[in-house]
Amino acid sequence: DAGVIQSPRHEVTEMGQEVTLRCKPISGHNSLFWYRQTMMRGLELLIYFNNNVPIDDSGMPEDRFSAKMPNASFSTLKIQPSEPRDSAVYFCASRYRGVPGNTIYFGEGSWLTVV
Amino acid sequence: GEDVEQSLFLSVREGDSSVINCTYTDSSSTYLYWYKQEPGAGLQLLTYIFSNMDMKQDQRLTVLLNKKDKHLSLRIADTQTGDSAIYFCAESLRSGGGADGLTFGKGTHLIIQP
């Protein structure tokens, strides 16, 4: 089975530009998570969805960040306008809610650099 | 609130056992996890333990849970150079029907000496 698929894998952009990160969860999974990883703060949960509905976005840093999940197989995380402090690795993850273990499976990450 | 603490670094000799420790604060945690992250890659689930268990073994990996002290450990037997990575401890707070995201520690860098 294909795992969680993220794109782009790497992006370098200029401050002020819009950045869109994309995620395809594992087929059949019904929860999707966006995490951000930095050296200083470690892994932070930004937002998660159950059955395509946003449940908790309290981790989203500010209004410049937005996330959508228009259907069960696709989600986007958008940053507009981007700033250098947004440079980080952004992970998408998914799971099937309710099975023993509630295991979350991660994508390979999108490595964002804002200059 | 929830907080997961780990040491930042652990250095061991190849062939020795590695023991990575983790403490957590929320006694209602139902599942605890160990993930591994290699350079430039995502997080890979190694193993998890349900909170009513004390120990779980899977080949070279042994997880010990001390619920009273809120302490979790991961032992890797016969550590190899391929085990060099960052190891994350994580907790999940809800039982089966819940879907809260995991809370992660900052990760322990496992360094293997030849």
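The values are calculated or read from the model by the stated rules, or taken from the named source; none is laboratory data. In this text, all values refer to a predicted model and were calculated from it rather than measured experimentally. Using ideal geometry, Cβ is built from the backbone for each residue, glycine included, and neighbour counts are taken over all protein chains shown.
For A:G42, work out the one condition from (1) out of contact with any His (no Cβ under 9 Å at 6 or more places or on another chain); (2) surrounded by 15 or more Cβ atoms within 10 Å (Cβ to Cβ); (3) in contact (Cβ under 8 Å) with a residue 24 or more places away in the chain it doesn't fulfil.
Going through (1) out of contact with any His (no Cβ under 9 Å at 6 or more places or on another chain); (2) surrounded by 15 or more Cβ atoms within 10 Å (Cβ to Cβ); (3) in contact (Cβ under 8 Å) with a residue 24 or more places away in the chain one by one, A:G42 breaks only (3).
How do the strands (runs of 3 or more DSSP E) wholly within the range A:11-52 filter down when requiring 1 or more residues that are over 19 Å from A:K68 (Cβ atoms): which remain? Even if it seems obvious, please write down each step before you answer.
Values: elements: A:19-24, A:31-38, A:42-50.
In the range A:11-52, A:31-38, A:42-50 are the strands (runs of 3 or more DSSP E) which contain 1 or more residues that are over 19 Å from A:K68 (Cβ atoms).
Can you pull out the strands (runs of 3 or more DSSP E) entirely within the range B:4-114 that have at least 1 residues that are more than 9 Å from chain A (Cβ to nearest Cβ) and β-branched (V, I, T)?
Values: elements: B:4-6, B:9-13, B:18-24, B:31-37, B:43-50, B:55-58, B:61-66, B:71-76, B:85-92, B:108-113.
Filter on the range B:4-114 gives B:4-6, B:9-13, B:18-24, B:43-50, B:61-66, B:71-76, B:85-92, B:108-113.
Please find, among B:T23, B:T30, B:T62, the residue that is touching a His at 6+ places or on another chain (Cβ under 6 Å) and not acidic (D, E).
Values: B:T30 fails: touching a His at 6+ places or on another chain (Cβ under 6 Å); B:T62 fails: touching a His at 6+ places or on another chain (Cβ under 6 Å).
Of B:T23, B:T30, B:T62, the one residue that is touching a His at 6+ places or on another chain (Cβ under 6 Å) and not acidic (D, E) is B:T23.
Answer yes or no: is there a residue in the range A:63-81 that is of a type in the set (S, T, Y) and free of Cβ contacts under 8 Å to residues at least 40 places away in the same chain.
Let us first name the residues in the range A:63-81 that are of a type in the set (S, T, Y), namely A:66, A:73, A:75-76.
Within this subset, residues satisfying the condition of being free of Cβ contacts under 8 Å to residues at least 40 places away in the same chain are A:66.
Yes, the range A:63-81 contains a residue that is of a type in the set (S, T, Y) and free of Cβ contacts under 8 Å to residues at least 40 places away in the same chain.
Just to be sure before I move on: is B:S51 of a type in the set (S, T, N, Q), farther than 22 Å from A:G42 by Cβ and within 16 Å of the chain's Cα centre (by Cα) in the structure I sent?
Numbers: of a type in the set (S, T, N, Q): yes; farther than 22 Å from A:G42 by Cβ: yes; within 16 Å of the chain's Cα centre (by Cα): yes.
So B:S51 fits the description; yes.
Take A:W34 and decide whether it is modelled with pLDDT of 95 or more, within 25 Å of B:Y31 (Cβ to Cβ), facing chain B (nearest Cβ under 10 Å) and surrounded by 14 or more Cβ atoms within 10 Å (Cβ to Cβ).
Values: modelled with pLDDT of 95 or more: yes; within 25 Å of B:Y31 (Cβ to Cβ): yes; facing chain B (nearest Cβ under 10 Å): yes; surrounded by 14 or more Cβ atoms within 10 Å (Cβ to Cβ): yes.
So A:W34 fits the description; yes.
Does A:R9 satisfy the criteria of being touching a residue at least 40 places away in the same chain (Cβ under 8 Å), surrounded by 14 or more Cβ atoms within 10 Å (Cβ to Cβ) and under 14 Å from the mean Cα position of the chain (by Cα)?
Values: touching a residue at least 40 places away in the same chain (Cβ under 8 Å): yes; surrounded by 14 or more Cβ atoms within 10 Å (Cβ to Cβ): no; under 14 Å from the mean Cα position of the chain (by Cα): yes.
Criteria not met by A:R9.
Does B:D78 satisfy the condition of being modelled with pLDDT of 90 or more and surrounded by fewer than 21 Cβ atoms within 10 Å (Cβ to Cβ)? First the steps, then the outcome.
Working: modelled with pLDDT of 90 or more: yes; surrounded by fewer than 21 Cβ atoms within 10 Å (Cβ to Cβ): yes.
It is true that B:D78 is modelled with pLDDT of 90 or more and surrounded by fewer than 21 Cβ atoms within 10 Å (Cβ to Cβ).
The conditions are (1) farther than 28 Å from A:I47 by Cα; (2) modelled with pLDDT under 95; (3) polar (S, T, N, Q), and B:S28 fails exactly one of them. Which is it?
(1)
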